[in-house]
Amino acid sequence: MVDLHPNKPITLETFTRGIWEENPVFVMLLGMCPVLAVTNSGANALAMGIATTFVLVCSSILVSLLRHRIPKQVRIATYIVIIATFVTIVDYVIQAISLELYRALGAFIQLIVVNCIILGRAESYASKHRPSKAIINALGTGLGFTIALLCLGLVRELLGSGALFGINIFGDSFQPWAIMILPPGGFFVLGTWLLLFSWMRLRKEGKPTSQEKEAGYHEH
Amino acid sequence: MNSPSPHSTQPSALSLIATLGVVALISGVLVVLVYQLTLPAILENRRIALERAIFTVLPGARSRINFALTAEGLERIDDQQTDGPRVYAGYDLSGKLTGVALEASAQGYQDIIRILYGYSPKCSCITGITVLESKETPGLGDKIETDPEFLVNFEALDGRLNATGERLNNEIVTVKHGKKSNPWEIDAISGATVSSKAIGRMLNNSAQKTFPLIMQQLQKLTQEES
């Protein structure tokens, strides 16, 4: 994940990397706890994605701004304080917007603090790059995470309650698959998506571009 | 990583403390600022949610007054006071008491279920329930919140007191689906017996304890109407 040229100009790749090549959920398998727990409906998935993206972007900006001031020895403690601040802010804002949403997301809002995607971005990207690049990269990763949550949330809501964002799709004759909105459903849908994504990547590898190969391997 | 300290290998403890101090200060200021800005909206949301629940279980109610239920009787409190069990008295447009909303809870299938239910002293009956907190199984136990056939049980569930006024004349019980024959019985949801029974149990426990007290304090509740 380490960018070898920190002063490289911002390219489209800075942004799209977190969405496709380094998608936090489908490629790096990070942040599985909220991915499985709060994706029982499209609205919950979207709210969780936005909340995480907000924390990711804000903490990346602050970490990037302070990157020359933070001594190496206390960097992790500093990052955690910064991340926890923005999580607390999100927590209050969601309570102010909707109590129902707050109840639906439950403890998983507070648990964004320990979401390894955010600490990972702070440590491996924001602390080594200027704020403009860090914002773009954080936005890309946040979007990648949100898309992944929505992939799960929409499928689970459609099958588990026959609706999309609360709007009934299949009509009353549809018998919902209750298992899909229960925890096991999260594993089923995640497994299916991972299968699909691995298959797509394998097919692409038949004709790989040089850039892709590089991005795919040097992070492990 | 770059460090401002002159000893580039080991920065002084003071600079470590200073860094953490500055970051903690920024953090504290941000959190307090957002807390102050969002507090009115959060309190307003809580009030709306509470009133929606109260007015659901007390048909006809348009305003409410909070009371704390203590051994000495009822004491008027405001929204901020949270100690002790609370009684919400609901009044209609003309200021007449329509009933009181009470909280009850019991162990369900997954976890504790908490409900708010309405009690009308006029008909000595329960007038409605709404679930405040439940983790019951989706598709089965969570029907206690939505199943219209089940909720009909609570439109006029008998809660009369016996001759001495110390206990319910008939215990509120949950019976098997389709076996309800008395006004104090609750018809269970088939496939969600444990959750249905939990509702019956919590209503009975709460009613046995509070209805006699409410009836003794009825004077006080109706006096507040003006």
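Quick look at the numbers
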item	result
Single residue of segment B:123-141 satisfying the filter (hydroxyl-bearing (Ser, Thr, Tyr), farther than 13 Å from B:Ile189 by Cβ and in a loop (DSSP other than H, G, I, E, B)) that is nearest to the other protein chains (Cβ to nearest Cβ)	B:Ser134
Criterion (touching a residue at least 40 places away in the same chain (Cβ under 8 Å) and either within 21 Å of A:Thr141 (Cα to Cα) or more than 19 Å from the chain's Cα centre (by Cα) (or both)) met by exactly one of A:Ile83, A:Ile117	A:Ile117
Residues (touching a helix residue (DSSP H, G or I) at 6+ places or on another chain (Cβ under 7 Å) and open to solvent by less than 80 Å² (accessible area, probe 1.4 Å)) located in segment B:168-185	B:Leu168, B:Ile172, B:Val173, B:Thr174
One residue from B:Glu155, B:Glu166, B:Glu136, B:Glu145 being in contact with a strand residue (DSSP E or B) (Cβ under 9 Å, 6 or more places away or on another chain), touching a residue at least 40 places away in the same chain (Cβ under 8 Å) and among the acidic types (Asp, Glu)	B:Glu136
Hits in segment B:186-225 (condition: of a type in the set (Val, Ile, Thr) and either at pLDDT 90 or above or open to solvent by 10 Å² or more (accessible area, probe 1.4 Å) (or both))	B:Ile186, B:Ile189, B:Thr193, B:Val194, B:Ile199, B:Thr210, B:Thr222
Any hit, segment B:74-87, residues being at pLDDT 85 or above and more than 8 Å from chain A (Cβ to nearest Cβ)	yes
Identity of the residue in segment A:46-77, under 18 Å from A:Ile117 (Cβ atoms) and not hydrophobic (A, V, I, L, M, F, W, C), that ends up surrounded by the fewest Cβ atoms within 10 Å (Cβ to Cβ)	A:Arg75
Residues of segment A:78-89 satisfying the condition of being open to solvent by less than 10 Å² (accessible area, probe 1.4 Å) and more than 7 Å from chain B (Cβ to nearest Cβ)	A:Tyr79, A:Ile83, A:Val87
Residue match in segment A:103-111 (condition: of a type in the set (Val, Ile, Thr), at pLDDT below 90 and surrounded by 23 or more Cβ atoms within 10 Å (Cβ to Cβ))	yes
Check on A:Leu154, open to solvent by 30 Å² or more (accessible area, probe 1.4 Å), closer than 14 Å to A:Ser41 by Cα, in contact (Cβ under 8 Å) with a residue 60 or more places away in the chain and part of a helix (DSSP H, G or I)	yes
Flag for A:Ala96 being open to solvent by 10 Å² or more (accessible area, probe 1.4 Å), at pLDDT 90 or above and among the small types (Gly, Ala, Ser)	yes
Residue selected from segment A:40-77 under the condition within 29 Å of A:Leu159 (Cα to Cα), small (Gly, Ala, Ser) and in contact with a helix residue (DSSP H, G or I) (Cβ under 7 Å, 6 or more places away or on another chain), by the criterion nearest to the other protein chains (Cβ to nearest Cβ)	A:Ser41
Contacts under 8 angstrom Cβ, first residue in segment B:12-35 being more than 7 Å from chain A (Cβ to nearest Cβ), partner open to solvent by less than 60 Å² (accessible area, probe 1.4 Å) and of a type outside the set (Gly, Ala, Ser), 6 or more apart	B:Ile26/A:Leu62; B:Ile26/A:Thr85
Test: residue in segment A:104-115 that is at the interface with chain B (Cβ under 9 Å from one of its Cβ atoms) and either among the basic types (Lys, Arg) or part of a helix (DSSP H, G or I) (or both)	no
Residue identified as aliphatic (A, V, I, L, M) and in contact with a Ser or Thr (Cβ under 8 Å, 6 or more places away or on another chain) among B:Val22, B:Val31	B:Val31
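The values are calculated or read from the model by the stated rules, or taken from the named source; none is laboratory data. Bear in mind that the values here come from a model prediction, so they are computed numbers and not experimental data. Quick reminder, even Gly has a Cβ in these numbers, built from the backbone with ideal geometry, and neighbours come from all protein chains shown. In case anyone asks, the SASA skips ligands and DNA or RNA and just uses the protein heavy atoms, side chains included. Shrake-Rupley method; radii C 1.70, N 1.55, O 1.52, S 1.80 Å.
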